[in-house]
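Since the structure comes first, as structure tokens, the remarks are kept for the end.
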């Protein structure tokens, strides 16, 4: 399968792109950091290609998707794994922060999808998967991550809107629970610029309110889920999938 993975230079996007490549797919890895992309593409295998893409820029998004389709000889599927979060009270969230959240988490997804649709329509598969958040669907917004939850809820509605306008494409919202991703650059850097003290305090609140259970999703299982969605997409649509970790006391060794 020919797949474009956006946000593939690090974190969960990198896990997914490398994992899909290792499973025999042809993968275009898209993100801003070209050097990291090239390293990830080498790990993903000989049928992979690294392409620079800034999802907050309309021309960059379209150019990158067009290049991905040209390099792969078409496009069967899109995986949008790019996402940012900003920690802090809503009352302290500035206009610039709101703009940044929506530019990457929502507008970027819209720009990339709009560029990909003409290519997807030429495929017999036609699947698009978007990483979303439990805080936008399964639970309420998590304290100190309200802006992130709001942007992901907007992403969910964006996916529904695209589904209504393009029913021949299988759009899937994949809500993903807690995970650190893989090793090295494949580890999620989602929280690296957060205030450590506020982060620790917030984790205690999230655990107390049972918004998180202390378990973590194994990255191979996330890749397996994405693979399943892409495979099922040949005959069926999966509008929404939720992947949550088991509590540590119940979680077995990865298989």
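Read the figures in this text as sums done on the coordinates, not as results from a lab. None of the values given here were measured: they were computed from a predicted structure. Quick reminder, even Gly has a Cβ in these numbers, built from the backbone with ideal geometry, and neighbours come from all protein chains shown.
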What angle do you read, to the nearest 10 degrees and between 0 and 90, between the alpha-carbon axis of helix 11-22 and the longest principal axis of the chain?
40
Suppose R0 equals 25 Å; then what is the FRET efficiency for residue 63 and residue 166 from their Cβ-Cβ distance, rounded to the nearest 0.05?
0.70
Counting every Cα pair in region 114-168, what percent are over 17 Å apart?
46
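Under the 0.36 nm per residue contour assumption, what length would be gained going from the current alpha-carbon distance of residue 99 and residue 138 to full extension? Kindly include the intermediate steps, with their values, before the conclusion.
Details: separation 39, 0.36 × 39 = 14.04 nm, distance 2.48 nm.
So the extension gain works out to 11.6 nm.
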FRET efficiency for residue 122 and residue 90, Cβ-Cβ distance as r, R0 = 51 Å, nearest 0.05?
0.75
Does anything in region 201-218 have its amide N under 19 Å from the 7 Å Cα→Cβ label point of residue 244, and if so which residues?
203-218
Could you order peptides 215-227, 65-77 by the average number of other Cβ atoms within 10 Å of their residues, highest first?
65-77, 215-227
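Which order do the peptides 7-19, 98-110 come out in when sorted by mean C-beta neighbours inside 10 angstrom, highest first? Walk me through the intermediate numbers first.
Details: 7-19: 27.8, 98-110: 19.6.
Packing proxy ranking, top to bottom: 7-19, 98-110.
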Starting from the Cα-Cα distance between residue 183 and residue 234, subtract it from 0.36 nm times their residue separation and give me the gain in nm to one decimal.
15.2 nm
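Using a ≥ b ≥ c from the Cα gyration tensor of region 2-243 (square roots of the eigenvalues), is it rounded, prolate or oblate, where a/c under 1.5 gives rounded and otherwise the larger of a/b and b/c decides, a/b for prolate?
Working: a/c = 1.58, a/b = 1.48, b/c = 1.06.
It comes out prolate by the Cα gyration axes.
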So how do 232-238, 48-54 stack up, highest first, on mean other-Cβ count within 10 Å?
48-54, 232-238
